[in-house]
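Asks: I am attaching a structure below and will ask some questions about it afterwards.
Read-outs throughout are calculated quantities, based only on the coordinates presented, and are distinct from any laboratory measurement. Remember, it's a predicted structure, so these values are computed and weren't measured experimentally. So basically every Cβ, Gly included, is an ideal-geometry build from the backbone, and we count neighbours across all protein chains shown.
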Amino acid sequence: MDLDFSDDQKMLRDTVRRFLADRCPSSAVRVILEGPEPYDRALYAGLAQLGVLGAAIPEAYGGVGLGRLELCIVAEELGRAVAPVPVASSLYLGAEFLLEAGSEAQKTEWLPKLATGEAVATYAEAERPGRVKASAIQARVTDGKLTGVKVPVADGGCADLAIVAARSADAISLYLVRLDGPGVTREAVETIDPTRKHARLTFDAAPAERLGEAGQGLAIAERVKDRAAVLMAFEQVGGAERALEMARDYALERMAFGRQIGSFQAIKHMLADMYVSATLARSNAYYGAWALSTDAPELPVAAATARVSATQAYQHCAKNNIQVHGGMGFTWAFDCHLFYRRANGLALALGALSTWEDLLIARLRRQNEAAAAA
């Protein structure tokens, strides 16, 4: 593997970072955290005008057509800013489901709207706490009508379109459901990170249009979630490194006993551990980006590796950022809790860490068995 970003891609990173520094300070994040709005609509519109929402959407469907590497760069910058926007739901998942399994008519209708921010999409799979298994999916489609409950659904309260995993003829398929249509009820669900709000979606004979082949819902979802895992890993790496920077800066400016607290061995070791975990996560995210951008057969392993490493790093760095800040780190006035909330929210966004650890073990075992048999 040999991956490095081009000069144009680095210019994109710098542009998005400057834009977010201007339009997404922590005060803007707190407005969403403490208020009723589901996300920062002005920020999302600005990202659309900048063209980054359509980075990985082909030009034929209203996107910019740059590629998924560019979306990885955007994801990292969104993570650094703890941006309160539905990019993960709408682009990492919604757009990827349409690109993977959508008909020409479905792509033509929805992808341009996602690229311009006119519409927001989400994926609804879970129906109860815990690991999602095929046997746990009870939502059902009969004669094109969906009935059931999905919870929690990220951005479900503001999304226009949901891709729903549901049963039909005892097989699980995917369905497109307009959330502003009949038979849909939304109810807010409290989570650790109110900057990315969740909802309970109740469907009562809601019109549903199948996405992809019948009975292939979970297989399609697995492929899409692998792509989303790489993109989310970059967002987690961005957040982890920003938490590390916050801790380092505070350690250099905070004085105790006449010395910078960064000169104390315990703080040095804590910062060093944070640096190691964030750097390891970045390395694994780059591996995932390479596999994603080249459509390499290693993508399932690379995606699970990136997901596990980035989840661990973000949670580690966010937690220790609070510790470095000491008593002040636990206060509402400091921004440490914004990253701690996001780290734990993202840790569950595509399935728990243990789910991805088990996936990684299983995929590595299959890979080794295939290599031994060759």
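Asks: Between helix 299-325 and the chain, what is the angle of the helix's C-alpha long axis to the longest principal axis, kept within 0 to 90° and rounded to the nearest 10?
Replies: Long axis of 299-325 versus the principal axis of the chain: about 40 degrees.
Asks: Moving on. Assigning unit charges at the beta carbon (Lys, Arg +1; Asp, Glu -1) and nothing else, what dipole magnitude in debye, to the nearest 20, does the chain show about its Cα centre? All intermediate terms of the calculation are to be shown ahead of the outcome.
Replies: Details: 40 positive and 45 negative charges, 192 e Å.
Charge dipole of the chain: 920 debye, to the nearest 20.
Asks: Grab the Cα-Cα distance for residue 294 and residue 134, subtract it from 0.36 nm times how many residues apart they are, and report the gain in nm with one decimal. Present the calculation step by step, with values, prior to reporting the outcome.
Replies: Working: separation 160, 0.36 × 160 = 57.60 nm, distance 3.02 nm.
Separation in residues times 0.36 nm, less the Cα-Cα distance, equals 54.6 nm.
Asks: May I ask which residue of 74, 89, 201 lies farthest towards the positive end of the charge dipole of the chain, with charges of +1 (Lys, Arg) and -1 (Asp, Glu) on Cβ and the Cα centre as origin?
Replies: 201
Asks: I've got another one for you. Show me 203-210, 302-309 ranked by packing, highest mean number of other Cβ atoms within 10 Å first.
Replies: On the way: 203-210: 19.2, 302-309: 27.4.
The densest-packed peptide leads the list: 302-309, 203-210.
Asks: A further question follows. Evaluate the charge dipole of segment 92-160 about its Cα centre and quote only its size in Debye, nearest 20, assuming +1 on the Cβ of each Lys and Arg and -1 on the Cβ of each Asp and Glu. Display every interim value, and only then the final one.
Replies: On the way: 8 positive and 10 negative charges, 83 e Å.
Around 400 debye, computed over segment 92-160.
Asks: Oh, and also: Give the angle, between 0 and 90 degrees and rounded to the nearest 10, that separates the Cα long axis of helix 217-253 from the longest principal axis of the Cα atoms of the chain.
Replies: Computed tilt is about 20 degrees.
Asks: Figure the gain on full extension for residue 30 and residue 142 (residue separation times 0.36 nm, minus the Cα-Cα span) and round it to one decimal in nm.
Replies: Values: separation 112, 0.36 × 112 = 40.32 nm, distance 4.29 nm.
My answer for the length gained is 36.0 nm.
Asks: Rounded, prolate or oblate: pick one for segment 64-162, where a ≥ b ≥ c are the square roots of the eigenvalues of its C-alpha gyration tensor, a/c under 1.5 means rounded, and failing that, prolate if a/b is larger than b/c, else oblate. Don't jump to the answer; show the numbers that get you there.
Replies: Working: a/c = 2.09, a/b = 1.39, b/c = 1.50.
Oblate.
Asks: Using the Cα centre of the chain as origin and beta-carbon charges of +1 (Lys, Arg) and -1 (Asp, Glu), tell me which of 236, 255, 38 is placed farthest towards the positive end of the dipole.
Replies: Of the options given, the answer is 255.
Asks: Still on this model: For segment 30-77, place one equal point scatterer on every Cα, skip the solvent, and apply the Debye formula. What is log10 of I(q)/I(0) at q = 0.20 Å⁻¹?
Replies: Log10 I(q)/I(0), no solvent term: -0.71.
Asks: Further question on the same structure: I'd like to know which of 181, 55, 313 lies farthest towards the positive end of the charge dipole of the chain, counting +1 on Cβ of Lys and Arg and -1 on Cβ of Asp and Glu.
Replies: Among 181, 55, 313, the one farthest towards the positive end of the dipole of the chain is 313.
Asks: Report the full-extension gain for the segment residue 216 to residue 264: residue separation times 0.36 nm, less the Cα-Cα distance, to one decimal in nm.
Replies: 11.7 nm
Asks: Among 180-190, 122-132, how do they line up from the highest to the lowest mean number of other beta-carbon atoms within 10 Å? Write out the running numbers ahead of the final one.
Replies: Details: 180-190: 13.1, 122-132: 18.5.
Going by the mean number of other Cβ atoms within 10 Å, highest first, we get 122-132, 180-190.
Asks: Under unit Cβ charges (Lys, Arg +1; Asp, Glu -1), what dipole magnitude, rounded to 20 debye, does segment 7-119 have relative to its Cα centre? Present the calculation step by step, with values, prior to reporting the outcome.
Replies: On the way: 11 positive and 16 negative charges, 59 e Å.
Dipole size: approximately 280 debye.
Asks: Report Rg/Rh for segment 249-374, rounded to two decimals, where Rg is the Cα radius of gyration and Rh the Kirkwood radius.
Replies: Numbers: Rg = 18.5 Å, Rh = 16.5 Å.
Reported Rg/Rh (Cα atoms, Kirkwood Rh): 1.12.
Asks: Of the listed peptides 224-236, 256-268, 166-178, what is their order by residue-averaged count of other C-beta atoms within 10 Å, with the highest listed first? Each step should come with its number before you reach the end.
Replies: Details: 224-236: 27.8, 256-268: 12.5, 166-178: 19.6.
Highest mean packing first, the order is 224-236, 166-178, 256-268.
Asks: Right, something else. Between residue 332 and residue 272, what FRET efficiency comes out of the Förster formula 1/(1 + (r/R0)^6) with R0 = 35 Å and r the beta carbon distance, rounded to 0.05? Before the final figure, lay out the partial values.
Replies: Numbers: r = 29 Å, r/R0 = 0.82.
It comes out at approximately 0.75.
Asks: Roughly how tilted is helix 353-373, in degrees to the nearest 10 and between 0 and 90, from the longest Cα axis of the chain?
Replies: Taking the Cα atoms of the chain, the angle to 353-373 is about 70 degrees.
Asks: Right, something else. For n ≥ 4 DSSP H runs only, could you compute -39500 (n - 2.57) per run for the chain, divide by its residues and tell me the 222 nm figure to the nearest 500? Working shown, then result.
Replies: On the way: 11 runs with 196 residues, N = 374.
Helices in the chain give a 222 nm mean residue ellipticity of -17500 deg cm²/dmol.
Asks: OK, next. Plugging the Kirkwood radius over Cα pairs into Stokes-Einstein for segment 122-215, at a temperature of 4 °C and a viscosity of 1.567 mPa s, what D comes out in µm²/s? Don't jump to the answer; show the numbers that get you there.
Replies: Details: Rh = 13.1 Å.
Answer, rounded: 99 µm²/s.
Asks: Moving on. Taking a ≥ b ≥ c as the square roots of the eigenvalues of the Cα gyration tensor of segment 7-119, is the shape rounded (a/c under 1.5), prolate (a/b larger than b/c) or oblate?
Replies: Values: a/c = 2.28, a/b = 1.38, b/c = 1.65.
Oblate is the answer for segment 7-119, as a/c is 1.5 or above yet b/c matches or exceeds a/b.
Asks: Alpha carbon centre of segment 329-374 versus segment 108-181: separation in Å?
Replies: A separation of 23 Å, based on Cα centres.
Asks: Now a separate question. Take the Cα coordinates of the chain, assign each an equal point scatterer, and use the Debye formula without solvent to give log10 I(q)/I(0) at q = 0.07, 0.10, 0.13, 0.14 Å⁻¹.
Replies: -0.30, -0.62, -1.05, -1.21
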